[in-house]
Every structure is written in structure tokens, then in C-alpha cells.
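Reviewing the structure listed below.
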Amino acid sequence: MTPEQILKLPSMPAASPSYPMGPYRFINREYMIITYETDKDLLRQVVPEPLEPNTDGHVLYEWIRMPDSSGFGDYTESGLVIPCTFNGEAINYTAQMYLDDEPPISAGREIWGFPKKYALPKIEICSDTLTGTLEYAGQLVAMGTMGYKHEAAHGGLEATAKGMTKTSCNLKIIPDVDGSPKICQLVAYNLTDITVKGSWISPARLQLIPHVNAPVADLPIKKIIGGKHYIADLTLPHGRVLFDYVKEQATSSTGEK
């Protein structure tokens, strides 16, 4: 391969790239989100500075079903998202994410810094109940339930679509060949081309079980706020650097001299 050919590859491995070049389109992406209140001191410990965790101590536990994803296929993911602020702007920080498909694990970690690990999440309708489960290494670590389509979401489809445009960010960490930090950034992105097809709310319950390699229970549940369920088409574009820890550290070191 020539250097020109190598530079055109979208991802590793060169013989069979894990994912194509984005942006990435999702059709009928289904969200099940249960909001709960946790310990504010613990929340501060897991949110990287300079992000500020929300003052209410709220956490979003999510299941997302993606049956039609360009370049990635058919998969489901689950994890923790924490509402925060960055320089006064409301922003969602993805703290943990677990899914069952290799291409979006590789792309998510390498492009945007999503904290993705392999596990087995599932969303299904069990009689009158929307149910989400997460198994890691054969063990159940999370289960959420909602009444199925009890009530249309407040503000209608337009309000849900507007909420989906909110800036989200991840902590992207990629080491250099000697193990030192090569890339250490907060990476931001905003979903685009959003069409919401349905949006509902209902009472919800959530159980989190301690597990060393899927520590979703490290932010314990104090109070369930409620559940939201919606389905949408959307595009995930490439990200942008919100904060660069390596550059900031270099600048601080230079300033000290």
C-alpha cells in the first residue's frame, strides 16, 4: 500500500476496516431512558473537570435499540449519562456504555471517545411493560421497566426532537506507544437530521446490581424521577474537541517555567 492509500483508510485493520467513513445514519432508533436521583458527592467524583454535574444529582440510565445503522448494522446499547454544564452550557456526559456489536464499539471509542465495552443489553415489550436488561459476562447488572406508551410526552414530538439536539460529550483517552497519554480530550457532538416518530412517558422502575467490570451501580438510586420512551431517525456526525487535557497540561507547565 502507498502512503496515499493508507491515509484514505477509514479505520483499522487495513485488510478489513472495522467501520466505514461517517457520518452515520440511524433509522427507527428506540430510546428507553429512566431518570433517577443519586448521591451528589459520588456524581462529582465520576464527572471529569471542567464539566460540572447537575445540581439535582440526576442520572439518565439509557437503553438504545438501533435496528438500522449505516456502517454498524443492528445492535443495542445501555449505560449511564449525566447531565452537566460546560462554561454555562447544558451538556450530557456519557459515563458508561455497553453494547453487543464490534463496529460501533471500535468507532465509538476511536472517533468520539464513547466509553463502550462489550456486553448484552436488550429492550423488549413484555406484555404491558417496556423492559430493558443488561447482562455483563453472564450476569444481570441492570433492569428497567416502564409502562408501555402510557402518555404522550409533554411538548409533543417537537420538544423531544429539540431535546435530542443538546450537546453531548465523552472523555476520549488513547495512549501513545509508550503508554503515556497521546489523546486525552472531552469530545463533543450534536445529533442532526432528527425526525421523531413517537414519544411517551410513564412511571418507571430501575434496579442496578454491583459488578466490578460494569459498575453501573456505583451511582446508587435514591429516587426514581420517571421514564421516557421515544423512536427517531437521526444522523450522528463526527465530533469536535471541547477540551484538551494534554494541551492544557503542556500550557500550564510552560506557564510555570
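A simple rule links phi to the HN-Hα coupling: the Karplus curve 6.51 cos²θ - 1.76 cosθ + 1.60 with θ = phi - 60°, which for region 208-217 gives 10, 10, x, 8, 5, 9, 9, x, 5, 7 Hz, with x for Gly and Pro. Surface listing: R29, R109 arranged by accessible area from highest to lowest gives R109, R29, probe 1.4 Å.
Would you work out what percent of the accessible area of the chain, with all protein chains in place, is carbon or sulfur (probe 1.4 Å)? Roughly 54 percent, rounded to a whole number. E248 sits with roughly 90 Å² accessible to a 1.4 Å probe, with DNA, RNA and ligands left out of the calculation. Amide H contacts under 5 Å for G113: none, restricted to partners 5 or more places along the chain or on a different chain, H placed in the peptide plane at 1.01 Å from N. The length gained on full extension between D233 and H154, counted as 0.36 nm times the residue separation minus their Cα-Cα distance, comes to 26.5 nm.
Assign one of three labels to region 134-257, namely rounded, prolate or oblate, based on the Cα gyration tensor with a ≥ b ≥ c the square roots of its eigenvalues; rounded applies when a/c is under 1.5, prolate when it is not and a/b is larger than b/c, and oblate otherwise. Note, shape of region 134-257 comes out oblate. Protein-only accessible surface at a 1.4 angstrom probe places the residues I33, I173, I27 in the order I173, I27, I33, largest first. Of the whole protein surface, T195 contributes about 70 Å² of accessible area at a 1.4 Å probe radius.
Each of V46, V59 has its accessible area taken with a 1.4 Å probe; listed largest first, they run V46, V59. Dividing the mean sequence gap of close Cα pairs (under 8 Å, 6+ apart) by how many residues the chain holds gives a relative contact order of 21 percent.
Spin-label model, Q5/A90: points 7 Å from Cα along the beta carbon direction are separated by 5.1 nm. Under the rule a/c < 1.5 gives rounded, and otherwise a/b versus b/c splits prolate from oblate, where does region 89-158 land using the Cα gyration tensor? Judged from the Cα gyration tensor, region 89-158 comes out oblate (a/c at least 1.5, b/c at or above a/b). Using the 1.4 Å probe convention, the accessible area of the chain works out to 51 Å² per residue with neighbouring protein chains retained.
In percent, how large is the relative contact order of region 27-143, given Cα pairs closer than 8 Å and 6 or more residues apart?
It comes to 19 percent, rounded to a whole number.
Using heavy atoms of the protein chains and a probe of 1.4 Å, the accessible area assigned to C84 is about 10 Å². Each of H211, I224, T192 was scored by the projection of its Cα onto the charge dipole of region 178-257, and the greatest displacement toward the positive side belongs to I224; charges sit on the C-beta of Lys, Arg, Asp and Glu.
Where only DSSP H runs of four or more residues are counted, the chain gives -4000 deg cm²/dmol as its mean residue ellipticity at 222 nm, each run worth -39500 (n - 2.57). Straight Cα distances below 20 angstrom link K228 to the aspartates and glutamates E30, E37, D56, E62, E77, E124, D128, E151, E158, with same-chain residues fewer than 8 positions distant left out.
The values are calculated or read from the model by the stated rules, or taken from the named source; none is laboratory data. On a predicted model such as this, the values are computed, not experimentally measured, just so you know. All Cβ positions, even for glycine, are placed from backbone atoms using ideal geometry, and neighbour counts span all protein chains on display. Just the protein is used for accessible areas: all its heavy atoms, side chains included, with ligands, DNA and RNA removed. Shrake-Rupley method; radii C 1.70, N 1.55, O 1.52, S 1.80 Å.
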